[in-house]
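Chemist: Pasting a structure here, questions to come.
The values are calculated or read from the model by the stated rules, or taken from the named source; none is laboratory data. The shown structure was predicted, so the numbers you read here are calculated from the model rather than taken from an experiment. Cβ atoms come from the backbone with ideal geometry, glycine included; neighbour counts cover every protein chain shown. Just the protein is used for accessible areas: all its heavy atoms, side chains included, with ligands, DNA and RNA removed. Shrake-Rupley method; radii C 1.70, N 1.55, O 1.52, S 1.80 Å.
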Amino acid sequence: MTTHDMSTPTPLPARQTPPPKPDAIWLRAARHPLVWPLVTLALILAVNASLNPGLWHLQWRDGHLYGSLIDIVNRAAPLAVVALGLTLVIATRGIDISVGAVVAISGAVAALLIGNESAVVNGTFMHLSRTPLALVILGALAAGALCGAWNGLLIARAGLQPIIATLIMMLAGRGAAQLLTGGQILSIGYAPYFTIGSGFFLGLPVAALIALAVWGGMTLMLERSALGLFIRAIGINPRAARVAGVRARTITVCVYAFCGLCAGVAGVIVSSNVKSADGNNAGLLMELDAILAVTIGGTLLTGGRFSLAGTVIGALIIQTLTSTIYAIGVPPEINLVVKAVVVFAVMLLQSSEFRRQLRAIAFRGDPR
Amino acid sequence: MSTMALKGRAFRIPPVVASVLLLLAMVTFGSVMYTGFFSAQVFLNLLIDNAFLLVVAVGMTFVILTGGIDLSVGSVVALTTMVSAALVEHRHWSPGVVVPLVLAGGALFGAFQGWLVERFRLQPFIVTLAGMFLARGLCYVISIDSISITEPTFTAIAQTRVPLFAGAALSIGSVIALATFAVAVFVAHGTAFGRNVYAIGGSEHSALLMGLPVARTIVGVYALSGFCAALGGVLFTFYMLSGYGLHATGLELDAIASVVIGGTLLAGGVGLVAGTLCGVLMLGLIQTLITFDGSLSAWWTRIVIGALLLAFCLLQRLTQRGDGEAAAA
Amino acid sequence: QKKIVLGFAQVGAESAWRTANTESIKSAAKDAGIELKFSDAQQKQENQIKAIRSFIAQKVDVIGLSPVVESGWDTVLQEAKAAHIPVILTDRAVDSKDTSLYVTFMGSDFIEEGKRAGRWLEEFEKGKPGPINIVELQGTVGSAPAIDRKKGFADVIGGDPRMKIIRSQTGDFTLAKGKEVMEAFLKAEGKNINVLYAHNDDMALGAIQAIEEAGLKPGVDITIISIDGTKGAFEAMAAGKQNVVVECNPLLGPQLMSAAKDVVAGKTLPKRILTNETVYTQSQAVAALPSRKY
Amino acid sequence: MLNATGIDKRFGAVSVLEGVQLTLRAGEVHAVMGQNGAGKSTLIKILTGVIAPNAGTLSLAGQAIAPESPLAAQRLGISTVYQEVNLCPNLTVAENIFAGRYPRRGWTALKAIDGPRMLRETRALLQRLNIAIDPARTLGSLPVAMQQLVAIARALSVDAKVLILDEPTSSLDDSEVESLFAVLRGLRQSGLAILFVTHFLDQVYAIADRITVLRNGRFVGEWTPAQLPAPALVAAMVGRDVALASAESVDAEAPAKQDELEGSTPRLSLRGFGAQRRLHPLSLDLHAGEVVGVAGLLGSGRTELARLMFGLDAADFGTLQVQGQAVRFTHPAQAVRLGLAFCPEERKADGIVGELSVRENIVLALQARAGLWPCIRPTKQRELAQRYIELLGIRAADSDMPIALLSGGNQQKALLARWLATSPRVLILDEPTRGVDVAAKQELMNEVMRLARDGMSVLFISSEIDEVLRISDRIVVLRDRRKAGELPRGASEAQVMDMICEPAA
Ligand SMILES: Nc1ncnc2c1ncn2[C@@H]1O[C@H](COP(=O)(O)OP(=O)(O)OP(=O)(O)O)[C@@H](O)[C@H]1O
Ligand SMILES: Nc1ncnc2c1ncn2[C@@H]1O[C@H](COP(=O)(O)OP(=O)(O)OP(=O)(O)O)[C@@H](O)[C@H]1O
Ligand SMILES: [Mg+2]
Ligand SMILES: [Mg+2]
């Protein structure tokens, strides 16, 4: 028994934890949360390239870059924009399943604002716009932001659960988009509008540049302001955030409105790319892809932890996968099986728990 | 010691009762507005036509109560119809073998997802999303076309009606669904498994520290959901008498909506299986009202569904005001 | 005399073709003085079954049904039969063995449409040397028109050794997907592609954009065939960007209304009512464009 | 009975326990003492299978054990109350007590839970422990002290060989502690081994048979209470001699204050302030530089008063004036902007933002007051965090670690730091010393008094009357959600107790 009389205890020697060994760079890099999404992207690209040698083939054609990679980036742009907006919503522990419908609404609004007028100018037949281009874009974006703000109000003010509030928007919003288009595909003829979705700037697709800008703007906003801190606090413990004086409701409404705005941007990109607005099908099931992109990027659906860069990589992964399926000639019947297998593989690869257990199994046979 | 008896809070209508009242209000509205609406068969049809949804949503309730989600249910329903139809029609297996087989398959599929969620700490949303792709994809691997079922046992079950009163009747499927519902209510509130589900939803960490079998329960919950989806699939097969890869698209969303409209919190821990029945009836009733109206275009149909849902949820919130902080937190 | 009540269970509002179909039925009902109970099933068979059940409960005089899929209708149609409500099928048949469950079926034959597309291509390419490389944009996987249009087309061209379908992928019947898939095809196959066969016009229109953006001339460098005959396709043909469209007529409203009246009046109808459908080439398209309604 | 030797535990590069030993004998109450972050809770988590040690062995009744989960530990006969209330807030009290071992009825195959029997047994159990709680209530609707009682009841209701209690008394008042001790003495008699962690020295001497002291994750020694008088115990924990303050030590310049305060506009003034069903209308003034203590029993409405003042709940009647200006708070942000600060009682639910770092938790309120922009720069944040980590002696490996990984007492200190960082004019403290060790408590109180001297107004809510007495210039007593009266500085503990308990004549 260790009983020693000790009215004046002897001071213990200072705790001597050896200073942590500085890890090798690659070890530290391997712990970075973006590594696994990047590895996944590289793997899918490698599979694509091995079966489809044309993948890396980039050409300079008509004053811009041309090739599969450009297609992928271009196609991933609207998805990335939607997913970026959604990332913030998910970081507050919410969800928005109405983004697809909002994409359709904003496209329809743009098409309606442009209208279907044409005239012969200087001897050539031209489509005109009823409204100045800036107003067209503004209107479409405003429609998106409005839908998002409505979601936010239902959630933060009326206290509906996010999934229900946005489900309502998903149903009614799709209906509204169809109402706006009359259930038809409204074709858009006004050429300047096409720049957004299929134009090029400095040889790069404008849509991708827009996505880049949204990403950059958001990153800047989150770095330079306390928004990131507040959003994470709300996502982790809304009650505590409120007690600390964070305006949780206002921020929630703003975040949903911003998500709607992002969906609006995507709607403009999509409608401009396909030169038409389709109230029935535009953005259909986009919410699933967007949520998938967000999660693959390392954002937790339970709130609190998010990564914008991860989301962008997630969107690229999904689009690369889709393109790969098209490019290597997978029969359409098994598209979904391939997608499922890849998603399973991706999420296991990203699970640190899985990697740990894999290592444990690998080392068990190892006498070290 | 604490001498002060804690004063109860103000009397509040429990959410389920509020939902029932709202449902009754809608029925009254329908009966006044539309001829033929107020009849026993219309209400029984609500059960007949939503039997599979009820079963699937009941399974989903358990998953959501633990704080998870299962997006694969719609696809599992489709896969079940497909496998049943293929085995019964093409392989001529006996339904007595096929039905238990697909039920076990569904449970196994769910358990696999649950195992992934539990063992590797994966997010339920993506695990079951991948499961959704997989099950739907497997349907097309079996056949991309639909397979009609002409097997006599299936057709007999599909077309048998259990007569009740005044000429109104229920289908076998709806009777099975009601039985499933009753069992589920018992499991949720009367068994240790059910209470563990609630405990995990309340706080998974606490449940672990309290020594509850968390891993087993989580796997069990997804297995249960998979089983319910397969059972829903069997009911769907009775209902449609066909197997088809495009069956039950979007059913997962209807199921989730029913559960959440029924008052269950998506964050887990709070809600009743009985609420889910209300949710299912609510969705069915909205659809019935719209068909009875019959004047809405496709888009107005959607807008009105959205508006009615909104009205329902807002009224439900209104009857529970004061609970707001708790629900939002 | 009492107004006839017709309950119509529509598939949904998934495409412009469907919208034209719905419009036609609504306006024809108004013209014929028939009260229409319209239900939109959002592409779900279970919703159509629910709709039919509530039509039965409402005791409508006739039920019109445009089935999502061919199988699985026996139970509910038997209920309708037991309630003595005649059922008219439009657009798509059902595969019930018991043909007494419905009075008539009016609408197109998807396999036949695929065959027409194939026959036109045979004719067009007659005497030219091979190989003729075809890419196919399929409809939604598993949907009846996608399966049948693929089959009909394959049946016809299968006998021709020159013709080869080098790529076939689903474009979900939508313009955006059609464009995306075609883009991928063009990157993978380059100038190899001679013919595009799209299961509907929307996908063809998307593919045309992709072809133009790739610097090729649609309708010239790549022969384009699609099915449906919407106004957009006619405009594309008039502009020389598409070669042919196989019509699938959505304007079934008037025929449906007169059939409904006949059934209520107790007349017997033929089991199959054919609709007028043509194959339009570019020159015919220019002539027909001004009169296209949808 | 339970024996642990050579226990090491590391989290990453941080070593939390090093060569710790513990011998728990049957029929004794064994107190484990140590400063905040000394590793007591970690040791308990190792004993009960929540986490695995990096080295060391455990044995139970001579048999080596290695419990893999709390469930396994329970099966071995170890029953535990963890530091934070680890129960399910959405279940009823009865269900929480019986979770995992529900009474069954009917066919065994059906495994139906016998609900009525469960309620009956819970009621009996609670009665035995002298706790007045309705067993059918949902746990989450109870204040945290009651939840703690339920957790204790759960642990006591199991047939166990070893009972482990990690700071079970941190929210309880004296009478409850006394009845808990009565039960523990009974259990000790029947041969149970009881491990008990607390920061209250008087409780240790009241019940412990043996004391083990940990410091910095190391074993310091094991004594009987007789061998180790209080000053020596504190010295063993802290590693140096610390003068234990008595109530008189801060009395010096107090009496003059009252007079000089009369007349000036109070910083915060309540008139007929209250809310339906929560708090009967009351009036209260809070002057600059004044510490007002609030005393009362569990559920007497102290927390409600604080929440209403801070705008967390809506007040139904009366007025609230800040610096003579009538205000109506609808959101805490407004209160924060006017210089109020509120350190809440339920630190897990209302306080910490678990996955955020210590640094972010500390700057959260300051940033919330500043709004979205300008953002406090990371270097500034680190500086600020470092300052408070040193000032309050928060034991954190670094300020970037998630606050959830801090020990309970250190979380409490970090929360206080969050509010001190906003340099508030009015500081409302609800049970700020919960789970804080003796030495730190002393420093914390000194800090509060220093701030008050510099002009801050403090509302100090605590269940420990001696603490309230020591720090307050004035004491407000609440009973049954009304103000029972006010007592001036220097009132005796007996006076306060009288006012707390007896209905006013
Ligand atoms: N998962 C972890 N990762 C890193 N550090 C940890 C982790 N868990 C605990 N610690 C650290 O271990 C130390 C001991 O914590 P522990 O909770 O055991 O203290 P304690 O003695 O119970 O203190 P208190 O009296 O405040 O409850 C603390 O400094 C804490 O920060
Ligand atoms: N949201 C709530 N729901 C139900 N009851 C509540 C709620 N908030 C407070 N109460 C009740 O009001 C009573 C007064 O609570 P309060 O916490 O203000 O008392 P207190 O004096 O601070 O006691 P404690 O020492 O427990 O903090 C509590 O007993 C509690 O049961
Ligand atoms: Mg501790
Ligand atoms: Mg309190």
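Chemist: Just to confirm my filter: which strands (runs of 3 or more DSSP E) fall fully inside region D:159-223 and include at least 3 residues that are farther than 20 Å from D:P143 by Cβ and within 16 Å of ligand 3 (Cβ to nearest atom)?
Modeler: Here the list reads D:193-197, D:210-215.
Chemist: With the condition kept exactly as written, say whether any residue in region B:147-167 is within 14 Å of chain A (Cβ to nearest Cβ), of a type in the set (D, E, K, R) and not in a helix (DSSP H, G or I).
Modeler: Checking region B:147-167: not a single residue is within 14 Å of chain A (Cβ to nearest Cβ), of a type in the set (D, E, K, R) and not in a helix (DSSP H, G or I).
Chemist: Determine whether C:D95 is in contact with a Ser or Thr (Cβ under 6 Å, 6 or more places away or on another chain) and surrounded by fewer than 20 Cβ atoms within 10 Å (Cβ to Cβ).
Modeler: yes
Chemist: Sort through D:I403, D:I428 and tell me the only one that's among the β-branched types (V, I, T), open to solvent by less than 20 Å² (accessible area, probe 1.4 Å), over 29 Å from D:A230 (Cα atoms) and within 16 Å of ligand 3 (Cβ to nearest atom).
Modeler: Result of the check over D:I403, D:I428: D:I403.
Chemist: State which residue is nearest to D:S157 (Cα to Cα) when the search covers only region D:100-127 and only residues that are free of Cβ contacts under 8 Å to residues at least 12 places away in the same chain and under 30 Å from the mean Cα position of the chain (by Cα).
Modeler: D:A124
Chemist: Continuing with the same structure: Picking from D:Q83, D:Q74, which residue would you name as being within 17 Å of D:S157 (Cβ to Cβ) and open to solvent by 10 Å² or more (accessible area, probe 1.4 Å)?
Modeler: From the options D:Q83, D:Q74, the qualifying one is D:Q74.
Chemist: Still on this structure, I have one more. Here's a check for you: in region C:171-200, which residue that is at the interface with another protein chain (Cβ under 7 Å from one of its Cβ atoms) and more than 16 Å from A:S68 (Cβ to Cβ) is surrounded by the most Cβ atoms within 10 Å (Cβ to Cβ)?
Modeler: Top of the filtered list is C:L175.
Chemist: Among the residues of region B:279-295, write down those that are within 12 Å of chain A (Cβ to nearest Cβ) and touching a Phe, Trp or Tyr at 6+ places or on another chain (Cβ under 7 Å).
Modeler: The answer is B:M282, and nothing else.
Chemist: Right, next: So, in region D:191-216, of the ones that are crowded, with 20+ Cβ neighbours inside 10 Å and of a type in the set (S, T, Y), which residue ends up nearest to ligand 2 (Cβ to nearest atom)?
Modeler: D:T198
Chemist: Do you know which residues across region A:143-162 are open to solvent by 20 Å² or more (accessible area, probe 1.4 Å), assigned to a helix (DSSP H, G or I) and within 8 Å of chain B (Cβ to nearest Cβ)?
Modeler: A:P162
Chemist: Filtering region D:361-376 down to residues that are touching a residue at least 40 places away in the same chain (Cβ under 8 Å) and facing chain A (nearest Cβ under 7 Å), which residue is farthest from ligand 2 (Cβ to nearest atom)?
Modeler: D:R369
Chemist: Residue by residue through region A:287-305, note down the ones that are among the hydrophobic types (A, V, I, L, M, F, W, C) and surrounded by fewer than 24 Cβ atoms within 10 Å (Cβ to Cβ).
Modeler: If the condition is that a residue be among the hydrophobic types (A, V, I, L, M, F, W, C) and surrounded by fewer than 24 Cβ atoms within 10 Å (Cβ to Cβ), then A:L288, A:L300, A:L301 are the ones that fit.
Chemist: Among the residues of region D:316-360, write down those that are of a type in the set (A, V, I, L, M), touching a strand residue (DSSP E or B) at 6+ places or on another chain (Cβ under 7 Å) and more than 10 Å from chain A (Cβ to nearest Cβ).
Modeler: Correct list: D:L320, D:V322, D:A326, D:V327, D:L338.
Chemist: Something else: Among C:A13, C:A57, C:A117, C:A9, which is farther than 22 Å from B:A40 by Cα and either assigned to a helix (DSSP H, G or I) or of a type in the set (V, I, T) (or both)?
Modeler: From the options C:A13, C:A57, C:A117, C:A9, the qualifying one is C:A117.
Chemist: Let me ask something additional. Filtering region D:147-180 down to residues that are of a type in the set (G, A, S) and away from ligand 2 (no atom under 15 Å from the Cβ), which residue is surrounded by the fewest Cβ atoms within 10 Å (Cβ to Cβ)?
Modeler: Going through the qualifying residues, I end up with D:S179.
Chemist: Oh, and also: Which residue, of D:P374, D:P432, is more than 12 Å from ligand 1 (Cβ to nearest atom), outside any helix (DSSP H, G or I) and in the same structural domain as D:L305 (by TED's automatic domain parsing)?
Modeler: Answer to the check: D:P432.
Chemist: Then there is this: Would you confirm, using the coordinates I've provided, whether B:F236 is open to solvent by 10 Å² or more (accessible area, probe 1.4 Å), at pLDDT 90 or above and either touching a helix residue (DSSP H, G or I) at 6+ places or on another chain (Cβ under 6 Å) or at the interface with chain A (Cβ under 9 Å from one of its Cβ atoms) (or both)?
Modeler: No, not satisfied.
Chemist: Would you tally the residues in region D:1-23 being open to solvent by less than 60 Å² (accessible area, probe 1.4 Å) and either closer than 18 Å to D:I78 by Cβ or under 26 Å from the mean Cα position of the chain (by Cα) (or both)?
Modeler: 11
Chemist: So, D:L119, is that one open to solvent by 30 Å² or more (accessible area, probe 1.4 Å), modelled with pLDDT of 90 or more and either at the interface with chain B (Cβ under 10 Å from one of its Cβ atoms) or assigned to a helix (DSSP H, G or I) (or both) or not?
Modeler: So D:L119 passes the test.
Chemist: A follow-up question, please. Residue by residue through region D:322-376, note down the ones that are among the aliphatic types (A, V, I, L, M) and within 16 Å of ligand 3 (Cβ to nearest atom).
Modeler: The one that is among the aliphatic types (A, V, I, L, M) and within 16 Å of ligand 3 (Cβ to nearest atom): D:I352.
Chemist: Also: Which of the residues spanning region C:98-128 are touching a residue at least 40 places away in the same chain (Cβ under 8 Å) and of a type in the set (F, W, Y)?
Modeler: C:F105, C:F110, C:W120, C:F124 - these are the residues of region C:98-128 that are touching a residue at least 40 places away in the same chain (Cβ under 8 Å) and of a type in the set (F, W, Y).
Chemist: I've got another one for you. List every residue pair whose Cβ atoms sit under 9 Å apart, with the two residues 6 or more apart in sequence or on different chains, where the first one lies in region C:79-90 and is touching a residue at least 40 places away in the same chain (Cβ under 8 Å) and the second, anywhere, is open to solvent by 50 Å² or more (accessible area, probe 1.4 Å) and not charged (D, E, K, R).
Modeler: C:P86/C:V264; C:T90/C:Q255
Chemist: Out of the residues in region D:1-19 meeting the condition of being within 12 Å of chain A (Cβ to nearest Cβ) and in contact with a helix residue (DSSP H, G or I) (Cβ under 8 Å, 6 or more places away or on another chain), tell me which one is farthest from ligand 3 (Cβ to nearest atom).
Modeler: So the residue we want is D:F11.
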